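The values are calculated or read from the model by the stated rules, or taken from the named source; none is laboratory data. Nothing here was measured: the structure is a model prediction, and the numbers come from that model. Because the Cβ atoms are built from the backbone with ideal geometry, glycine has one as well, and the counts that use them run over all protein chains shown. All accessible areas refer to the heavy atoms of the entire protein, side chains included, with ligands and DNA or RNA removed. Shrake-Rupley method; radii C 1.70, N 1.55, O 1.52, S 1.80 Å.
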Amino acid sequence: MSHQTESEEEYFLRQEIEKKREAVKKRQSELAEEERERLKELHWMRCAKCGAELHEVVFNGVKVDKCFSCGGVYLDDGELEQLVGKPGWFESMSRLFR
Ligand SMILES: [Zn+2]
């Protein structure tokens, strides 16, 4: 077996190894994406504290997610700022959402 032949074999083997390595990397990134999707599906509109289903209640034009199991109240990003601009919202929310 000459040195040239050996190099050629190595070349093709290296290509094969590279291909497999890339395939594993691609699969791992797909699995990470699938896991993110799975977690989102699992936790979507679920209470972070007790896991019960959340119910949307429109309050002062803001969609508030309320857990009627443990009493938790959830606001999306930016919603607290929207409420702060409305006078009396805190007292009103305290009465309604207790
Ligand atoms: Zn809850």
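Please list, ordered by chain and number, the residues whose modelled amide H lies under 5 Å from the amide H of Arg46; skip anything fewer than 5 residues away on the same chain.
Those lying under 5 Å, H to H, from Arg46 are Leu54.
Return the loop-located chymotrypsin sites (Phe, Trp or Tyr not before Pro) in the chain (DSSP other than H, G, I, E, B) with at most 16 other Cβ atoms within 10 Å of their own Cβ; answer none if there are none.
Trp44, Phe68
Sum up the lysine pairs in the chain that clear both bars: alpha-carbon distance under 29 Å and a spacing of 8 or more or different chains.
Count of close lysine pairs: 10.
List, in order, the whole-Hz ³J(HN,Hα) value for each residue of the range 26-32 obtained from phi through the Karplus relation with A = 6.51, B = -1.76, C = 1.60 and θ = phi - 60°; use x for Gly and Pro.
4, 5, 5, 5, 5, 5, 4
With every protein chain kept in the model, how would you rank Cys50, Cys67 by accessible area, 1.4 Å probe, largest at the top?
From most accessible down to least: Cys50, Cys67.
Give me the dipole magnitude in Debye, nearest 20, for the chain about the Cα centre, with unit charges on the beta carbon: positive for Lys and Arg, negative for Asp and Glu.
On the way: 17 positive and 21 negative charges, 151 e Å.
Charge dipole of the chain: 720 debye, to the nearest 20.
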